[in-house]
Structure formats: structure tokens, C-alpha cells
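Each remark here refers to the structure printed beneath this line.
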Amino acid sequence: MYLFSLSLLPVLIFFLFLLFSDQGVLLDVRKIVNDESYTPKDPREFCRRILTTCYMASENSSQATYDRAKSLTEEIGSYHININIDGVVKAVWVVFSAVMGRLPQYSMCGGSSRENLALQNVQARIRMVFAYLFAQLCLWTRGIPGGLLVLGSSNVDESLRGYFTKYDCSSADINPIGGISKNDLRSFIQHCLENFHLRALGSILSAPPTAELEPLKEGQVAQTDEADMGMTYDELSVYGKLRKIAKAGPYSMFCKLVNMWKDICTPAEVASKVKHFFRMYSVNRHKMTVLTPSYHAANYSPDDNRFDLRPFLYNSAWSWQFRCIDEQVSKLESKEVNSRLEDVV
């Protein structure tokens, strides 16, 4: 039985429907629900038996996200819980203020980037505490024996970039989507939408990815993942495959991308993107040592310390590699200028 984030639902829905087409798993189902005579009546009934979903709202959560979560849980039939974490978040800052005599502010309120990040991290880590608390006692409150596994919801792109907080709501017992890129996950959601007729997935698919950890602006989400990361998920997917499969470093990645993206980016723009990725990759790589175990189904799965023996501490300046990139950019720009002059002549 499981307690998990709503972003995992499309993946689990797929396996749920597979279950009803394969009678060979019936014995395993009965073991999971601890009932030797149990036979699922329909997907929604079975979903309610084994899946507990939890929406952990804060003052930074939008109504639109709440509505999407509510619609999807109603469609799949999971046992659903709504929690508001604001009280606990405020209690943490009361303690901090009493000890240190100051309170951090969000950047939109004049705070520094350190303050802004700390305010977000507290929310994320409290969600992890709640996830494990409810996983341990949720069935007990319902008079059901056993406990729940906590499922993580960080995808492979976010892990590679380090776009998650250590020991936050990405920490779990297992992460079903931890080895899947954002682009493949979108394709998977589209497949579920088309084949399982879950209308709620349509609004989830069209919604911009956001952590919703910063204040709303007039009730609307002001924070997006891609803006926070400084790169798009499409770009991150390319970086991940080049880093993991091609084992590309900064210079070799630049050389590959300057040709791949020649129609959309100048060499200088490609250089800037590659440098930014590797800076973020290196300063966050220590997080890879504590990644939640994932289901690995693709050759671009995260190069964490269990599968990759490269160091997890890098010099984020990448001085030699970045210097080689700058030299190559100068050569390419000079070549382009000379080519234009020849065309004029």
C-alpha cells in the first residue's frame, strides 16, 4: 500500500490497468491487501484499497493545483487526504526567530536568495515529515493492519540538475519516476489521457511545472520550475543524455551542441547554456548520494553513486574546460566574421 505524490498517478495508473489484464498477479494482489479471498471488482475500488494520495497545501498553493488534484483522485478512486502545512511551517519560523532574532523574507519581499531558498526548503522538508507520519499511521486510524510505503516524485532531469532539496518531499522509500525524464513523463501522461480517458490528466499536462513554494501573485502562480532552473526541461533532457550516455564533459558537450543547436543558438549562447548546466550539476551533485531508489528503464537514468563511480564533489569553476569552450567560441565567431566578409567581397 502506498502514500504518494499526485505527480506519480499517471505512472501508477498504467500499471493499475495492466493488473486487470493479467490474472497471474492476483495472488500478489491478495498478499498486498492482506486478504486471501480478495478479488478486485474494478480499478477504482482496487485503487482505493492500495493507494493513498495526499495533497499538502500551503499558503503558496494555488486553487488550480488543488482542483487538479481533487479531480484526478476522484477519477481514479484513491483514498485521498488534504493537509495544510502552514501551521507547522510558521511554528518552525517562530522557533528560529526566538533563537536568532530575525526572520527571512522571500526575494519578492526584499529578501536575499539565501533567505528565499531557506523559506522554500522548510516547506519541502516538512512535507517529507508529514508523508512518513501519515504513511505510518494512516491505516492505523482506519483500523487496517500494516503500513504504507512513501513514493517519491522527483524525475531524472531534476535529479541531474539538482533541482530538489536534500531530505525533502523527494525523499521516499522508492521513486517510480526517478529514472524517467520530464519529456518521457509527459508522453506517458498523454498515453494515459488517450487510452484511459482520465480527463483530469489534460489540465495536469497543460499546467506549467511549478514547486509552488513562493508566494502567489493575485492568486496565480508566479514561480515556475524552468525559470528557477535557468533552463528548459527540453534542454535538460538533452544535457542528461549527453552526460550519461555519451559521458560528455563541458567541452565535448559544447562541441556537440554547437552543431545540434546551430539553427537556434549562437556559439556564445550554447557556451553560456553548457556552463550554466555544469555549474549547477557540480554544485548539486552531492545530492545524488542520497537519491531515493528508482525504477531504471532507460539508459539515461541518473548517474548517482550506485551506478557511477565518478566523484560527487567537483570544482564548479571548471576552469580548464570552460577556457577551452571560450577559445572555441572565439574561433567560431572569427570564422563566421571572415565568412561574412568574403560574402561581401
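The values are calculated or read from the model by the stated rules, or taken from the named source; none is laboratory data. All of these numbers come straight from a predicted model, not from anything done at the bench. Here the Cβ is made from the backbone with ideal geometry for all residues, glycine too, and neighbour counts use every protein chain on show. Just so you know, the surface numbers come from the protein's heavy atoms only, side chains and all, with ligands and any DNA or RNA stripped out. Shrake-Rupley method; radii C 1.70, N 1.55, O 1.52, S 1.80 Å.
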In debye to the nearest 20, how big a dipole does the chain give about its Cα centre with +1 on each Lys and Arg Cβ and -1 on each Asp and Glu Cβ? 780
Of LYS244/LYS275; LYS262/LYS335; LYS241/LYS335, which sit over 24 Å apart, Cα to Cα? LYS241/LYS335
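Within the accessible area of the chain, what % is carbon and sulfur when the probe is 1.4 Å and the other protein chains stay in place?
That share works out to 56 percent.
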Nearest 10 degrees, 0 to 90: what angle lies between the long axis of helix 233-244 and the longest principal axis of the chain (Cα atoms)? 80
Spatial separation of Cα centroids for region 247-306 and region 65-107, in angstrom: 32
Helix 267-284 axis, angle to the chain major axis (alpha carbon atoms, nearest 10°): 50
Return the lysines within reach of LYS41: Cα separation strictly under 26 angstrom, same-chain partners fewer than 8 residues apart disregarded; answer none if there are no such residues. LYS31, LYS70
Residue (of TRP140, PRO40, TYR66) at the positive-pole extreme of the chain, dipole from beta-carbon charges: TRP140
Please compute the modelled spin-label separation between TRP140 and ASP28, points set 7 Å along Cα→Cβ, answer in nm with one decimal. 2.9
With everything on Cα atoms, drop me the angle between helix 182-196 and the longest principal axis of the chain, reported from 0 to 90° to the nearest 10. 40
Relative contact order (percent) for the chain, with alpha-carbon contacts under 8 angstrom and 6 or more residues of separation? 17
So how strong a dipole does region 184-289 carry about its Cα centre when Lys and Arg Cβ are +1 and Asp and Glu Cβ are -1, to the nearest 20 debye? 680
Note to self: with every protein chain in place and a 1.4 Å probe, region 187-327 gives an accessible area per residue in Å² of 52
